[in-house]
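Read through the structure below, which is laid out as structure tokens, and then see the notes.
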Number of protein chains: 2
Amino acid sequence: MVYHEGMTRTVDPSTKQMLSERVHTRLREAILRGEYAPGEALKPQQLAQQHQVSLAVVREALVLLVGEGIAVRLPNRGFAVPDFSDRRWQQIAEARRTIEPVMLRLAIERGDLDWEARVRAAHHRLARTRPYAPEEGEYYTSAWSEAHRLFHRTLLEGCGNPVLLDTFDRLWTAGELARRWSAQRTPDRDGVAEHRRLEEAALARDADTATEVLVQHLTLTVAALTSAPDQVGRRS
Amino acid sequence: MVYHEGMTRTVDPSTKQMLSERVHTRLREAILRGEYAPGEALKPQQLAQQHQVSLAVVREALVLLVGEGIAVRLPNRGFAVPDFSDRRWQQIAEARRTIEPVMLRLAIERGDLDWEARVRAAHHRLARTRPYAPEEGEYYTSAWSEAHRLFHRTLLEGCGNPVLLDTFDRLWTAGELARRWSAQRTPDRDGVAEHRRLEEAALARDADTATEVLVQHLTLTVAALTSAPDQVGRRS
DNA sequence: CTAACACGAATAATCGATTATTTTGCGGAT
DNA sequence: ATCCGCAAAATAATCGATTATTCGTGTTAG
């Protein structure tokens, strides 16, 4: 009796992922990267050909994206990238202003030494990452965006509640998507100082100051982006 | 040339729904109704046969459920109902205690006359619906559960922020799922009085009292269900 | 007797093709 | 010239079947 050598015991870890997961991840990144216009249709056939997979796989990935709020679905009319309005972006920002300060209080109250260390690490990484790539110019670098997200998330991770952190993740993703298409580009604000003050207040367990800085941080961002073009354009 | 009579111009609104949506809804209700054990596998083949649809449809519905947190997926191992632990249930309850009071403050601050009217209507409906069906005994009636959800949601709808309300919906659903399998049954607490006090404080625009009552409402529920059997069993 | 292995059955994931719906383009009537 | 209605094409939704992976079972080497 022949024992075949090509046993499926040892599998290549790189190819060891579901097709739909891979397509989902790639699509997610593409949308978040802004490679699609707001409202643009996501056509299964085109995507299937583009990614060399079947319709079912693409469809699965798209449904997953809908669940995440990164795509929308119109019955019998296919999938599309959501076209978030400025209004939507303000709503997301308000939701963050509503939820994150309370989470931060919990985190400051409960965070342990490991949390403190991770906050310092995340802040260091953020502070040492250049926000803009001079050559690319367009927008934040992906490295900075990720460091930014991780700093805010790490800060809140002290609360120790995965349900709340999941809520944060959702809001952050929605915000990234909406921010990309909002009317204004991000102004040159001193985000660096704000982040440092946030870190210091949190590690000093000064909840009042920390939440105040956080609210201001979130308010300034959205205000500068949408409702106060005067500040940016300096009219008259 | 023959013009076929069965033109698709006039469509029956009842059958005018995507198959996957219908299966998704039915599955969702079945799971929330507790027809599956925690951790039980959701087998596509079985469900496809049961609902008289193809695998792809069931699969789509299941992916959608995963996105909602009502099902989990293990790569190459299929779908299953999540087995929420008591710990998870406490985390969800804490998340609600964290988020909902702030939302309620917003609602009380912003709610208009229409909101007031809807709050009264929702409370009336809740108060006049019998929580338990004597014959069924097992659990809350679905009518009461829905009225309960709608009362809490209507109360928060005054905030006018769909993003926050979406967050509420998620937490509520997760809570319903987790509560069903938590160790304790719901004790005979005077939820009726709590709801009335909540309504009154909200309509009186008394944010402090309202949030206090809400926090207590949420705390008592989870405490009675999980961490304080003493209160229920009255030991010694 | 234990434990690892091979084999077969069950189930998950994927695919290619079919059916149903919407969109598009054309022709005719007002 | 514009609008309405009917095909034809495009695209979405669904299906049945194929391939890949895991799980259960019996067998055999140690």
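The values are calculated or read from the model by the stated rules, or taken from the named source; none is laboratory data. Fair warning: this is a prediction, and the values are worked out from it, not measured in the lab. Cβ atoms come from the backbone with ideal geometry, glycine included; neighbour counts cover every protein chain shown.
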Name, by its number, the condition in (1) more than 8 Å from chain A (Cβ to nearest Cβ); (2) closer than 18 Å to B:GLU21 by Cα; (3) charged (D, E, K, R) that does not hold for B:ASP83. (2)
Looking at this structure, is A:HIS152 of a type outside the set (Phe, Trp, Tyr), crowded, with 16+ Cβ neighbours inside 10 Å and at pLDDT 95 or above? yes
For the range A:68-83, does any single residue satisfy the condition of being away from DNA strand C (no atom under 16 Å from the Cβ) and either within 12 Å of A:GLU157 (Cα to Cα) or in a helix (DSSP H, G or I) (or both)? yes
Pick out the one residue from A:ALA117, A:ALA121, A:ALA95 that is modelled with pLDDT of 95 or more, buried (at least 17 other Cβ atoms within 10 Å of the Cβ) and either at negative phi or within 16 Å of DNA strand D (Cβ to nearest atom) (or both). A:ALA95
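Just the residues that are within 13 Å of DNA strand D (Cβ to nearest atom) and within 16 Å of B:GLY78 (Cβ to Cβ), please, taken from the range B:40-56.
Taking the range B:40-56 as the starting set, the residues that turn out to be within 13 Å of DNA strand D (Cβ to nearest atom) are B:41, B:43-45, B:47-56.
Within the range B:40-56, B:ALA41, B:LYS43, B:PRO44, B:GLN45, B:LEU47, B:ALA48, B:GLN49, B:GLN50, B:LEU55, B:ALA56 qualify.
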Of the conditions (1) in a loop (DSSP other than H, G, I, E, B); (2) closer than 19 Å to A:LEU150 by Cβ, the single one that A:ALA117 does not satisfy is (1)
Would it be correct to say that B:TRP89 is within 14 Å of another protein chain (Cβ to nearest Cβ), among the aromatic types (Phe, Trp, Tyr) and more than 16 Å from DNA strand C (Cβ to nearest atom)? yes
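Being of a type in the set (D, E, K, R) and within 26 Å of A:ARG73 (Cα to Cα) is true for just one of B:ARG87, B:ARG33, B:ARG96, B:ARG73. Which residue is that? Even if it seems obvious, please write down each step before you answer.
Details: B:ARG87 fails: within 26 Å of A:ARG73 (Cα to Cα); B:ARG33 fails: within 26 Å of A:ARG73 (Cα to Cα); B:ARG96 fails: within 26 Å of A:ARG73 (Cα to Cα).
Just one listed residue meets the conditions, B:ARG73.
Only one of these is touching a Pro at 6+ places or on another chain (Cβ under 6 Å) and within 14 Å of chain B (Cβ to nearest Cβ): A:VAL58, A:VAL63. Name it.
Testing whether each residue is touching a Pro at 6+ places or on another chain (Cβ under 6 Å) and within 14 Å of chain B (Cβ to nearest Cβ) leaves just A:VAL58.
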Determine whether the range A:63-80 contains at least one residue that is surrounded by fewer than 19 Cβ atoms within 10 Å (Cβ to Cβ), closer than 12 Å to A:ARG179 by Cα, out of contact with any Ser or Thr (no Cβ under 7 Å at 6 or more places or on another chain) and touching a residue at least 12 places away in the same chain (Cβ under 8 Å). no
